[in-house]
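Read the figures in this text as sums done on the coordinates, not as results from a lab. Keep in mind it's a predicted model, so treat the numbers as computed, not measured. Here the Cβ is made from the backbone with ideal geometry for all residues, glycine too, and neighbour counts use every protein chain on show.
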Amino acid sequence: MQPFSTDPGRTGRTPGGEGPQAGTTPGADGSARELRLGGLRILPGRIAPPAQAALLEDIREVVRQAPLFTPETARGRRMSVKMTAAGRFGWISDRRGYRYEPRHPAGTDWPPIPLALTDLWHAVVPSAKDPECCLVNFYGEAARMGLHQDRDEADLTQPVLSVSLGDAALFRIGGAERGGRTQSVWLNSGDVVVLEGDGRLAYHGIDRIRFGSSALLEGGGRINLTLRVVR
Ligand code: MD3
Ligand code: FE
């Protein structure tokens, strides 16, 4: 079966027309299996369409047990992304600030991380500790995520692994300092991003969603899953 996003016209260039992405690693058959963007590894189409559909069902079960909620910043602004989580810890933001918590805001335990995701983790980052959180971000048509660093985890030598499902998203990544040069890439359904080493402290965000670009989610939207070691 033809995997998603091996077409370099879709993932292989920046929207600014700056030309092909540096560091494209062709596979044995000449297709792009791995893109390097600064300290990031992008594995385009790492999850084939049937496995994406199965994973979506797993996430629906997570959401049944731990409903999506709209995080609020400490200043009382609602985030445009809806969230939930699976695993021992979930990430919460409310008027008291942001942190990892062992329970959903409703007071229940987070459901277990789906097996397909822990399997993926062990296949892609075999030397890492076991993941303790699978953060689920849901993006509707107008949702975005501003540039930020992920540094609430205790051990920043552990990788983060991201899985994109549904509509394409314009992902932006810079360096470890705010205000530096950034690069952008479209993330498509089935793409996996590995954040490790230098990339782990990079500023990053989602500028916009190409709403309705994927048929995976009926009604459109995008789900991003991030697997993390928290403690
Ligand atoms: C780079 N999520 O949940 S995933 C987040 O698509 C987050 O929902 C975005 O940023 C999303 O924190 C981007 C790619 C990603 C995830 C974690 C990172 C990039 C990262 C951690 C460090 C550096
Ligand atoms: Fe992040």
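Where does segment 119-188 land on Rg/Rh, using Cα atoms and the Kirkwood Rh?
With Rg and the Kirkwood Rh in hand, the quotient comes to 0.96.
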Can you list the equivalent-ellipsoid semi-axes of the chain, largest first and in whole Å, using the square root of 5 times each Cα gyration tensor eigenvalue?
-> 26, 20, 18
Please order 204, 122 by the number of other Cβ within 10 Å, starting at the fewest.
-> 122, 204
Convex hull (Cα only) mean projected area of segment 83-127, reported in nm² to one decimal = 3.9 nm²
What number comes out for the charge environment of residue 142, summing +1 per Lys or Arg and -1 per Asp or Glu over other residues with Cβ under 15 Å away?
-> +4
Summing -39500 (n - 2.57) over the DSSP H runs of n ≥ 4 in the chain and dividing by its residue number, what mean residue ellipticity at 222 nm do you reach, to the nearest 500 deg cm²/dmol?
-> -4000 deg cm²/dmol
In whole percent, what relative contact order does segment 22-228 give with Cα contacts below 8 Å and a gap of six or more residues?
-> 23 percent
Rounded to whole Å and sorted largest first, what semi-axes of the equivalent ellipsoid does the C-alpha gyration tensor of segment 31-99 yield via the square root of 5 times each eigenvalue?
-> 29, 19, 10
What is the local net charge at residue 68, summed over the other residues whose Cβ is closer than 12 Å to its Cβ (Lys, Arg +1; Asp, Glu -1)?
-> +3
Most mobile of 96, 208, 200 in a GNM of the chain (Cα contacts under 10 Å) | 96
If you take the square roots of the eigenvalues of the alpha-carbon gyration tensor of segment 148-197 and sort them as a ≥ b ≥ c, do you get rounded (a/c under 1.5), prolate (a/b over b/c) or oblate?
-> oblate
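Can you compute the charge dipole magnitude of the chain about its Cα centre, using +1 on each Lys and Arg Cβ and -1 on each Asp and Glu Cβ, nothing else charged? Give it in debye, rounded to the nearest 20.
That gives a dipole near 720 debye.
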Highest GNM mean-square fluctuation, the chain, Cα pairs closer than 10 Å: which of 147, 156, 115?
-> 115
Using a/c under 1.5 as the rounded threshold, could you call segment 167-231 rounded, prolate or oblate? The axes a ≥ b ≥ c are square roots of the C-alpha gyration tensor eigenvalues, and prolate needs a/b larger than b/c, oblate otherwise.
-> oblate
Connecting every pair of Cα atoms under 10 Å apart in the chain and solving the GNM, the largest mean-square fluctuation among 189, 93, 162 falls on 93
